[in-house]
Amino acid sequence: MSEQTVTRAHLSEAVYQEVGLSRNESADLLEMVLDEISTALSAGDVVKISSFGSFSVRSKGERIGRNPKTGEEVPILPRKVLVFRPSQLLKARINEGA
C-alpha cells in the first residue's frame, strides 16, 4: 500500500487534466474551492460533499489531562476541532481493496 500524500499541486494537476483549464486557472479554481470550504467551516457551517463526506466543527470543553512524563495534571483548554465523517459510498470504496 503506497503512502503518498495528495497535495494542492496534485489536485490542481488533476483539475488541469480532467477539466481542460490552464494550469493557472486550475490552481485558482482549487484555491477558491478550498477557501470557500475554510470560510464555511470558520463560520460554523457544515460542509457536505456528495459521495465523499461531511466536514464540521465541534467544540470540546475544558478537561484535565496528564503529563505522561511527570504524571502532573494539567488543564486542557476548551477548543474547536475539525471532524470528518466519510459517506457510505466512500467507506465502501475504501473497503473494496481491503
#### Entry: Complete set of residues in the stretch 61-86 that are among the aliphatic types (A, V, I, L, M) and in a loop (DSSP other than H, G, I, E, B)
L77
### Task
Kindly provide the set of residues from the stretch 52-79 that are surrounded by 10 or more Cβ atoms within 10 Å (Cβ to Cβ) and either within 22 Å of V33 (Cβ to Cβ) or among the hydroxyl-bearing types (S, T, Y) (or both), ordered by number.
F52, G53, S54, F55, S56, V57
### Hits in the stretch 83-98 (condition: surrounded by 10 or more Cβ atoms within 10 Å (Cβ to Cβ) and not basic (K, R))
V83, F84, P86, S87, L89, L90, A92, I94
### Query
Does the stretch 1-46 hold any residues that are free of Cβ contacts under 8 Å to residues at least 24 places away in the same chain, within 13 Å of the chain's Cα centre (by Cα), closer than 25 Å to I94 by Cα and assigned to a helix (DSSP H, G or I), and which are they?
V33, I37
### Task
Return a yes/no flag: does the stretch 88-98 have any residue that is touching a helix residue (DSSP H, G or I) at 6+ places or on another chain (Cβ under 8 Å) and either part of a helix (DSSP H, G or I) or on the phi > 0 side of the Ramachandran plot (or both).
no
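Read the figures in this text as sums done on the coordinates, not as results from a lab. In this text the structure is predicted, and so the values were computed from the model without any measurement. Note that each Cβ is placed from the backbone with ideal geometry, even for glycine, and that neighbours are counted across all protein chains shown.
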